[in-house]
Each structure stands twice: as C-alpha cells, then as structure tokens.
1. Residues with amide H under 5 Å of ARG7's amide H, sequence separation 5 or more or different chain, H placed in the peptide plane at 1.01 Å from N; which?
2. What's the longest uninterrupted piece of the chain once you rule out the GluC sites (Glu not before Pro) that are loop residues per DSSP with at most 15 other Cβ within 10 Å?
3. Report the extension gain between VAL3 and GLU114 in nm, rounded to one decimal, defined as 0.36 nm multiplied by the number of residues separating them, less their alpha carbon distance.
4. Would you mind telling me the antiparallel percentage of the DSSP bridges in the chain, rounded to 5?
5. What is the range 12-190's relative contact order, in percent, from Cα pairs under 8 angstrom and six or more apart in sequence?
6. Would you be so kind as to identify which of VAL147, SER105, VAL190 lies farthest towards the positive end of the dipole of the range 12-190, taking Lys and Arg as +1 and Asp and Glu as -1 on Cβ and the Cα centre as origin?
7. If you place +1 on the Cβ of every Lys and Arg, -1 on the Cβ of every Asp and Glu, and leave all else neutral, what size is the dipole of the chain about its Cα centre, to the nearest 20 Debye?
8. So who's got an amide H within less than 5 Å of the one on CYS103, skipping anything under 5 residues away but keeping other chains? H placed 1.01 Å off N, in plane.
Amino acid sequence: MTVLPIREMGDPVLREEARAVTSEELAGEEVQRLIDDMIETMRAADGAGLAAPQVGVPLRIAVIEVRAGNPRYPYKPPIPLTVIVNPELTMLDGATFATNEGCLSMPNVRGDLERFENVGVRYLDRDGEVHEETRRGLTAGTFQHEVDHLDGILFVDRMTDMSSLSTWEEFERHGKADFVARIEALVARVGS
Ligand code: ZN
C-alpha cells in the first residue's frame with residue numbers, strides 16, 4: 001500500500017463532479033489498489049475520511065474511519081472503516097446541527113457550518129455489496145463531507161458565517177471548548 005499525495009484547494013480535480021464506478025472497475029485490480037492506498041493515505045494523515053478526488057482520481061469512492069483517540073478529531077465518535085462506492089445520501093428530516101469541520105485538502109483551515117443530523121446512505125462496499133444505513137449526528141456530517149467531495153463541493157462552500165474561519169491553532173485556543181461541549185451534547189442525544 002502506498003501513501004498518496006493529497007490534492008489541495010485550487011487543484012481543479014477537487015471541483016469536478018466525480019463519475020460513478022462500474023462493477024467491472026470495482027472488481028478490477030486498479031480500483032482495489034486505489035481503495036487500499038486511500039485507506040493508507042487517510043490513516044497516515046489522521047483523517048476521518050478521504051474521497052478519491054483528494055488523491056486526484058475523479059471516481060465516486062470515499063473511505064471513512066475514525067479510530068478512538070484520533071489526534072486530529074479526538075471528539076469524534078469512532079466509525080469502523082467504511083468504504084463507500086457510488087454513495088447516495090438522502091436526508092431523513094430537516095433537522096440540522098451546527099458543526100465545525102476541517103479538510104485534508106484545506107490544510108490548517110477550519111470553519112463552522114450546518115449539516116443534516118439524520119441521513120440515509122446507500123452505497124456499494126468494495127466487494128460490490130449494497131448497503132443501506134442510517135447515519136446520525138457527527139457521523140452523518142462526516143458522510144456528507146465525503147459525498148460533497150464527489151460533487152466538487154468543499155466544506156467552505158457550505159459555510160454561511162465566514163468570520164468563523166480559523167486556523168487549527170486558533171480554533172484550539174478560542175473555539176474548541178464551546179464546540180466540544182456542543183458536540184458532546186449532540187453525541188449524547190443521537191448516539192453518534
Ligand atoms: Zn475534505
């Protein structure tokens with residue numbers, strides 16, 4: 001497995017709509033190797049997720065994982081490794097929550113935005129099996145962030161209050177305590 005270079009904001013591949021993966025491609029060695037490399041790259045960067053466009057490949061594939069004690073996102077509930085291919089999200093109701101995100105493609109930038117609290121997600125796993133799941137809270141936010149990447153959308157596009165943009169260091173200093181208290185209340189309420 002190889003740690004791939006992560007594309008950063010300004011790279012046009014991050015603004016393209018990625019295309020669906022065919023079942024032949026998914027079963028093939030090239031896409032399987034890409035998925036392995038994306039997992040390795042996400043873990044090496046302590047990311048909570050990584051979408052194929054972030055390694056320069058405009059295909060509808062993302063990997064998501066939060067391991068306990070992730071130093072980048074210590075407040076996130078754990079998410080087992082999940083490979084999502086051709087994902088489709090539906091919002092289950094209009095409920096939203098205020099969150100704060102960062103992105104491996106936007107080094108040292110964080111900001112506040114709203115995400116849907118409850119989403120249905122349908123996707124293929126790396127073996128081509130169909131999964132239909134409900135994801136809630138911060139985990140729902142992570143899925144929305146990754147699926148946005150497949151549509152050429154970065155989290156800053158979803159921000160309404162640009163004055164909340166911060167570096168990671170200033171977020172730690174000024175924003176984190178309030179944010180973590182809010183998120184802990186969300187996790188207690190929705191379970192993830
Ligand atoms: Zn991202």
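1. VAL55, GLY56
2. Values: sites that count: GLU8, GLU16, GLU17, GLU129.
In the chain, the maximal stretch lacking such sites is 18-128.
3. Numbers: separation 111, 0.36 × 111 = 39.96 nm, distance 3.12 nm.
Here the answer is 36.8 nm.
4. Working: 29 of 30 bridges.
Expressed as a percentage, antiparallel bridges in the chain total about 95.
5. Numbers: 332 pairs, mean separation 41.2, N = 179.
It rounds to 23 percent for the range 12-190.
6. About the Cα centre, the residue reaching furthest to the positive side is VAL190.
7. Details: 20 positive and 34 negative charges, 115 e Å.
Computed charge dipole of the chain: roughly 560 debye.
8. For CYS103, whose amide H was placed from the backbone, the distant partners under 5 Å are VAL109.
The values are calculated or read from the model by the stated rules, or taken from the named source; none is laboratory data. This is a predicted model, so every value here is computed, not measured. Backbone-built Cβ (ideal geometry, glycine too); neighbour counts: all protein chains shown. Note: areas computed on protein heavy atoms with side chains; ligands, DNA, RNA excluded. Shrake-Rupley method; radii C 1.70, N 1.55, O 1.52, S 1.80 Å.
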